[in-house]
Amino acid sequence: MAVTVTKIPRPDRSLWVQSYVPEVMRGLSITSKQFFKNLFTKKDVVTIQYPEVKRDYPERYRGLHRLMYRDDGQVRCVACMCCSTACPANCIHIEAAEHDDTSIEKYPAVFVIDELRCIVCGMCVEACPCDAIRMDSGIHTHPFYERDTAFFDKPALLELGGPSVAHQGGDMKGVQGHH
Amino acid sequence: MLTDILLILLKIVAVVLLFAMPIGSLMTLLGDRKQSSMIQNRVGPNRARLSIIPGLGRLPLVGIPHFLADGLKMIFKEDAIPDGADRTWHNIVPAMALFPAIVMWAVIPFHDHYCTGEIVVQNYRDICVEGQTRNFFSIANLDAGLLYVFAISGVSVYGAAIAGWASNAKYSLIGGLRSSAQMISYEVSMALSVAGAILIYGTLNLNEMVVQQGHLIGGWLPMWGIVVQPLAFFIFLGAMMAETKRAPFDMPEGESEIVAGYFTEFSSMKFAVIQLSEYVATVFVGALIATIFLGGWQVPYLYGDGFHFGNTPTAALELPYWAVIALRIGAFSFKTIFILWLQFMLRWTLPRFRYDQVMNLGWKIFLPLSLANLVITAFVVAIL
Ligand code: SF4
Ligand code: SF4
């Protein structure tokens, strides 16, 4: 088999560049310009001093989950299991129960999200047919000292929640992001 | 006799504990971390706080608390010695690394000899009349000062080489070997590059060299080493940086290749001492270059009794002797720190060399250049 040889031309550098010293000076002038600029004005420093200064999250930032509630304060979720099915991390645990109100078929007796296992992909929100779960709380998952404190149950999730303006029963009028 | 000994002890304490060591160890923080952060648009370390001292609790203090925390951490860390290492040498080696870095300071003049009498300025020199000169501002005024420096810096390679060998580890051994090879290569061009300066000054005494740099060429241009030997300055700076294993010549440490080179297997205070010795050596490079090439303690136009503009017997602006001394020591410190700053700047500007490039640069570029520099200087000195 013939060997193909690719000839890569040597970079053509003038004696000025090859003699190294002028180029070092050029590099030094750039770094020292930056050094003095930042030493005296801090103009280019991009660091955010985190706990004291917080960065504004973008509008569509996926934060901690929250469960929305109906006008009467009950949980909106109908325990359809769409979110837990869609969840790639398998971290939503729902136990469905029958509701006394006949117009409501089911409701989640238990609704737990393991926030440590969650990969914050947002699939659960996509999957939910009735705007019951959202990730728009703007709170990032904080560190936990104990693993079991990372399990967010229904009351905890509802506490972050709010009333949803969407019509229960499939009418998506008024839901954010839907036209 | 006793006062002499006391004086020497005092000078050693002043130079080592008040100048070399504090600057050297502060550089681990300010030079390496803060300076790099400024160049890279970061803020650098500032989270450690001295909350035990009231009033300082919430101030970052340019990160100095980090440096104290580092020291504390080093002291309390476990001193791990690898299996199969030579325990004796492993324990001695940090001292062997630190010792040359410190004793080199013995010959650095911080100021001219103190004059007890009247100072008369003649031909750009302070001449002491009706009094004696006392050596207050350098630990030892050796006539072979520069040779002493070269001798000691030659010894400093033992620390690295033995550290590498005593650790019983591959990376350490490679680091040790590299550092010996690198030091030998650069020692040659280092000595040869400065030989031109020796020819011009006609002395090896560092203080005398500085005195001669007070000369003004044509009555206005200070005869600093960098003016009369510009090429030698660059070669010497490069060779000295290679000698002290600073990046871009950090082959013996080579973090991206051989972990930490010859001190991979050192921990706790032993590691700190080796690290410190490198920084002290770096500060020493600053002091030595300032002495040979940047006029040492000379302030341009400033002589023993004040500012002289041109070769005049009386000062144009008279200053008391103590003010002159303070100005000159300040100038020397400033020059030292400037060269130090430059070294760190180079470290954060240039990418590392490959090992063969380091050798090429040393043997094929620095050596011929310094030889040529020496020959040309010799001719010029012979003709003038
Ligand atoms: S964001 Fe993704 S991983 Fe987290 S609960 Fe929702 S679907 Fe699961
Ligand atoms: S998809 Fe929505 S309604 Fe269905 S179980 Fe999940 S949160 Fe409840």
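Annotations
- Residue count, the stretch A:66-99 (criterion: out of contact with any helix residue (DSSP H, G or I) (no Cβ under 7 Å at 6 or more places or on another chain), within 11 Å of ligand 2 (Cβ to nearest atom) and under 20 Å from A:Ser137 (Cα atoms)): 4
- Within the span defined as the stretch A:91-108, one or more residues are modelled with pLDDT under 80, among the small types (Gly, Ala, Ser) and within 18 Å of A:Tyr69 (Cα to Cα).
- Entry remark, the stretch A:109-130: residues being within 16 Å of ligand 1 (Cβ to nearest atom) and over 12 Å from A:Cys82 (Cβ atoms) number 13 in total.
- Verdict on A:Thr102 being surrounded by fewer than 15 Cβ atoms within 10 Å (Cβ to Cβ), on the phi < 0 side of the Ramachandran plot, away from every other protein chain (no Cβ under 14 Å) and within 11 Å of ligand 2 (Cβ to nearest atom): no
- The one condition in (1) buried (at least 24 other Cβ atoms within 10 Å of the Cβ); (2) within 14 Å of chain A (Cβ to nearest Cβ); (3) in a loop (DSSP other than H, G, I, E, B); (4) not β-branched (Val, Ile, Thr) that B:Pro248 fails to fulfil: (1)
- Residues satisfying the stated conditions in the stretch A:5-22, i.e. surrounded by 11 or more Cβ atoms within 10 Å (Cβ to Cβ) and not in a helix (DSSP H, G or I): A:Ser19, A:Tyr20
- Subset tally (residues that are touching a strand residue (DSSP E or B) at 6+ places or on another chain (Cβ under 9 Å), over 21 Å from A:Ala150 (Cα atoms) and more than 15 Å from ligand 1 (Cβ to nearest atom)) for the stretch A:78-100: 6
- Residue in the stretch A:23-38 that is within 16 Å of ligand 1 (Cβ to nearest atom), surrounded by fewer than 16 Cβ atoms within 10 Å (Cβ to Cβ) and among the polar types (S, T, N, Q) present: no
- Qualifying residue in the stretch B:80-87 (condition: free of Cβ contacts under 8 Å to residues at least 12 places away in the same chain, more than 14 Å from chain A (Cβ to nearest Cβ) and either more than 26 Å from the chain's Cα centre (by Cα) or over 30 Å from B:Met345 (Cβ atoms) (or both)): yes
- From the list B:Phe136, B:Phe150, the lone residue that is touching a residue at least 12 places away in the same chain (Cβ under 8 Å) and either among the charged types (D, E, K, R) or not in a helix (DSSP H, G or I) (or both) is B:Phe136.
- Meets criteria (in a loop (DSSP other than H, G, I, E, B) and among the small types (Gly, Ala, Ser)) for A:Ser103: yes
- Test for A:Cys130: is it within 6 Å of ligand 2 (Cβ to nearest atom), surrounded by fewer than 20 Cβ atoms within 10 Å (Cβ to Cβ), outside any strand (DSSP E or B) and among the hydrophobic types (A, V, I, L, M, F, W, C): no
- Residues that are within 13 Å of chain A (Cβ to nearest Cβ), of a type in the set (D, E, K, R), closer than 20 Å to B:Leu346 by Cα and surrounded by fewer than 19 Cβ atoms within 10 Å (Cβ to Cβ), drawn from the stretch B:29-55: B:Arg42
- Selection status of B:Phe99, under 26 Å from the mean Cα position of the chain (by Cα) and outside any helix (DSSP H, G or I): no
- Residues (in contact with a Lys or Arg (Cβ under 7 Å, 6 or more places away or on another chain) and either within 14 Å of chain B (Cβ to nearest Cβ) or in a loop (DSSP other than H, G, I, E, B) (or both)) located in the stretch A:66-99: A:Met68, A:Arg70, A:Arg76, A:Val78, A:Ala79, A:Ala89, A:Cys91, A:His99
- Within the stretch A:140-152, the set of residues being surrounded by fewer than 18 Cβ atoms within 10 Å (Cβ to Cβ) and either more than 14 Å from ligand 1 (Cβ to nearest atom) or not in a loop (DSSP other than H, G, I, E, B) (or both) comprises A:His142, A:Pro143, A:Phe144, A:Tyr145, A:Glu146, A:Arg147, A:Asp148, A:Thr149, A:Phe151.
- Of all residues in the stretch A:137-156, those satisfying the criterion of being modelled with pLDDT under 85 and under 20 Å from A:Pro88 (Cα atoms) are A:His140, A:Thr141.
The values are calculated or read from the model by the stated rules, or taken from the named source; none is laboratory data. Since the structure is predicted, the reported quantities are computational estimates derived from the model, not experimental observations. Cβ coordinates were reconstructed from backbone atoms using ideal geometry, including for glycine residues, and neighbour counts include every protein chain displayed.
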